[in-house]
Amino acid sequence: MSHRGHVIIFTMSNQNRRPRTLSLWALFLGLGPISALPGFASEIAPADHVVVHKAEHKLYLYNGSHLLGAYKVALGLSPVGTKEREHDFRTPEGRYFLARRNTRSDYFLSIQVSYPNKNDELRARKKRWAPGGSIMIHGLPNVPKHPASYYESNDWTDGCIALSNSDMVEVWLRTQDNIPIDILP
């Protein structure tokens, strides 16, 4: 069997690994960069912008104006309106950035959203409220409290943006920290 066959087997059995890991294995096996393998680079095209349309319950990944993917999302328990304060169960609206990643989250992977921004802090301060924080894009709970059907058909987060675990893997692989995320009503 050729080295290329070994990489295909490795890729199929380790689909949740980051592309960098696969690239290192390809280099180790003497195949050069993984992007040189046919079809691989187009499968993991990076996003440079994330858009969430709350009314549509959709998250979109873009590279420039090219749509890379659309994903169904669940939102905060009170999804209408922007987040005003902590514990209001709303998902914020506005321009933010992907801030950091957490593989040890209570949910299947998580990427922090840079909420609150300065406008959110000012709005909350005027009403003497705490703006809240810890808004994430994440998968399903690692220890579910409800049947799977509940998570598929309801808004259930405290204000985060939740995806299926398989969609979360794709969003995780296609995004990097510091890219913008626009959360629209």
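For Phe89, the solvent-accessible surface computed with a 1.4 Å probe is close to 80 Å², ligands and nucleic acids excluded. Ranked from largest to smallest solvent-accessible area, with a 1.4 Å probe on the protein heavy atoms, Ser114, Ser149 come out as Ser149, Ser114. When the surface is traced with a 1.4 Å probe over the full set of protein chains, His87 keeps roughly 150 Å² accessible. Looking at the stretch 116-185, the trypsin sites (Lys or Arg not before Pro) that sit in a DSSP loop and have at most 14 other Cβ atoms within 10 Å of their own Cβ are Lys127, Arg128, Lys145.
Remark: spin-label model distance Gln176-Val80 equals 4.0 nm, labels positioned 7 Å along the Cα→Cβ axis. Between the beta carbons of Tyr62 and Asn117, assuming R0 = 25 Å, the FRET efficiency works out to 0.75 to the nearest 0.05. For the stretch 112-160, run through the chymotrypsin sites (Phe, Trp or Tyr not before Pro) and keep only the ones in DSSP coil with at most 15 other Cβ atoms within 10 Å of their Cβ. Answer by residue number: Trp129. Over all pairs of different C-alpha atoms in the stretch 101-185, the reciprocal of the mean inverse distance, the Kirkwood hydrodynamic radius, equals 14.2 Å. The listed residues Asp120, Asp106 rank as Asp106, Asp120 when sorted by accessible area, largest first, using a 1.4 Å probe.
Any chance you could run the full-extension gain for Ser153 through Asn165? It's 0.36 nm times the residue separation minus the Cα-Cα distance, nm to one decimal.
Details: separation 12, 0.36 × 12 = 4.32 nm, distance 1.49 nm.
Once the chain is fully extended between Ser153 and Asn165, it gains 2.8 nm.
The values are calculated or read from the model by the stated rules, or taken from the named source; none is laboratory data. All values reported here derive from a predicted model rather than from experimental measurement. Cβ: placed from backbone, ideal geometry, glycine included. Neighbour counts: every protein chain shown. For the accessible areas, the whole protein counts, side chains as well, though only heavy atoms, and no ligand, DNA or RNA atoms are used. Shrake-Rupley method; radii C 1.70, N 1.55, O 1.52, S 1.80 Å.
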